[in-house]
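The values are calculated or read from the model by the stated rules, or taken from the named source; none is laboratory data. None of these values were measured; they are calculated from a predicted model. We place every Cβ from the backbone using ideal geometry, glycine too, and count neighbours over all the protein chains shown. Surface accessibility is based on the protein's heavy atoms, side chains included, excluding ligands, DNA and RNA. Shrake-Rupley method; radii C 1.70, N 1.55, O 1.52, S 1.80 Å.
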Amino acid sequence: MGTVHAKSLDPLPMHGRDLGVNPDDLMEPPEQESKQEILENKDVVVQHVNIQGLGRTKEDLLGYEISDVFHAKNLIDVMKRAHVARLRLLRLGVFKEVEVLIDTSEGKDALPNGLDVTFEVTEIKRLTGSYNTMVGNNEGSMVLGLKLPNVFGRAEKVTFQFSYGTKETSYGLSFFKPQPGYFERNFTLNLYKVTGQFPWSSLKETDRGLSAELNFPLGVTSHTLKWEGVWRELGCLARSASFAVREESGHSLKSALSHSMSIDSRNSAIFPNRGALLRINQELAGYTGGDASFLKEDFELQLNQKLFWDSVLSASLWGGMLYPIGGQPSCIADRFYLGGPTSVRGFGMYSIGPQSEGDYLGGEAYWAGGVHLYTPLPFRPGKGGFGDLFRMHFFLNAGNLCNLNYGEGPQAHLQRLAECIRWSYGAGIVLRLGNIARLELNYCVPMGVQSGDRICDGVQFGAGIRFL
């Protein structure tokens, strides 16, 4: 909670560290009340809440974050609400440090049970830089960034970021603006250029775009509304690229509206042992301009249940469909891809489904499912420390990717998705990297292999942020 100090609250002496209440001072032989009971039953009034150390930050922004402290009824409640307010202040991203001091009120208007709460803050510098590495789905990158935090004094942020990776190079400029008092409601404007290589399709793509997105919670759900306008340049990665890929080469414009909704009750994004995740995405392109027209839907569902001996049973289901609008075919850059160590293990990266001369073209519909049993390492080495970053897992994955004839109807579509199912099983070791990514080393046995699929029979390594 930061450093908390308090002067004497007669008749409760407060001395020493962490409010340092001396138990002997609180023990009355007739009642034998505990220290916490006396503190909780002592009615207090928070008369003043002060913030010291402000420079460019506007006070009206902070009023939303600390106002709840005035509603505290006793000393324990003051401490709890002050701690929550401190976390809310740090969450704004404008302060390097926030310290809390609780003191008795002084002055002419001071009440006998009055308290003053002071937040001592240290603002972040006007310009900060960062250097780190980032893990994507089976790729890594070096990221350099410059930030201008708290540009206009109300937690706005301007960020420039350059990323150089194994398959992708990008740079972008973004502006972030939260709603005062509701940090989860925020607006972001992005200007970017991304160049990526997709060796499974012998394709390279350069995107230059502008996007605007609004994030907000609604009940237990989180939502993102986004508009994106992008100029796409597709080309061949190799001279041996198939004619189907060469046919896709050239320039195109995409203007799309999208919506994403998620419900996440998991206790961890990487190694959850309880809770569920539901994420649904919709994208509509063509109605706001551009020459790409389609409706795209996809979802992700994950359920987790803790079993005996710290083992966890996890089940996941993904699915999606792309419907071209206006009679024109879909673009290779908009289709779904499946296969690899982050989805259907035992197959090559995005190497399931339609292909031409060894180049994988993606599909307009897919599904994938997986069941995992996670267990601690045998004999629990490093329990309570480094060893808790590792898990063993046994898995069964299955899925399919194909193109649909939308004139046939839903029953024919389901039948098509149920044909030629690829599946695999195996076991491996998982390493958690913070709470955002993980590494897997698995032994895989691919089954249901179809002509043209690329498999990885045996040991397969994977790194990423989203796993089936």
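Assorted remarks:
- The listed peptides 119-127, 335-343, ordered by packing as a protection proxy, come out as 335-343, 119-127 (highest mean of other Cβ atoms within 10 Å first).
- Solvent-accessible area per residue in the chain equals 52 Å², computed with a 1.4 angstrom probe and all protein chains kept.
- A simple spin-label model places pseudo-atoms 7 Å from Cα toward Cβ; at Q282 and D60 they are separated by 3.6 nm.
- Nearest-10 value in Å² for the accessible area of D60, using the 1.4 Å probe: 80
- Computed from point charges on the beta carbon alone (+1 for Lys and Arg, -1 for Asp and Glu), the dipole magnitude for the range 311-414 about its Cα centre is near 620 Debye.
- Carbon plus sulfur fraction of accessible area for the chain, probe 1.4 Å, in percent: 58
- Packing-based ranking, highest mean first, of 416-427, 174-185 given that Cβ atoms within 10 Å are counted: 416-427, 174-185
- Using Cβ point charges alone (K and R +1, D and E -1), the dipole size of the range 179-464 about the Cα centre works out to roughly 860 debye.
- Positive-pole candidate from I352, A269, T221, dipole of the range 179-464, charges at beta carbon: A269
- Simple Cβ-charge dipole of the range 45-123, Lys/Arg +1 and Asp/Glu -1, about Cα centre, in debye nearest 20: 280
- The chain: angle of helix 75-91 to the longest principal axis, Cα-based, in degrees nearest 10: 40
- Entries of K42/K108; K157/K193; K96/K226; K58/K226; K204/K254 with Cα pairs more than 26 Å apart: K96/K226; K58/K226
- In sequence order, calculated HN-Hα J values of the range 424-434 (Karplus, 6.51, -1.76, 1.60; Hz; x Gly/Pro): 7, 9, x, 8, x, 10, 10, 10, 8, 10, x
- Spatial separation of Cα centroids for the range 135-199 and the range 240-258, in angstrom: 25
- In range of the label at D264: residues from the range 411-451 whose backbone nitrogen is under 20 Å from the point 7 Å along Cα→Cβ: 431-440
- Sites W309 and L173 - FRET efficiency at Förster radius 51 Å, r taken between beta-carbons, to 0.05: 0.55
- Potential lengthening of the chain between I429 and K193 amounts to 81.3 nm, from the contour at 0.36 nm per residue minus the alpha-carbon distance.
- The range 414-419 - phi-based ³J(HN,Hα) in whole Hz, Karplus 6.51/-1.76/1.60, Gly and Pro as x: 5, 5, 5, 5, 8, 7
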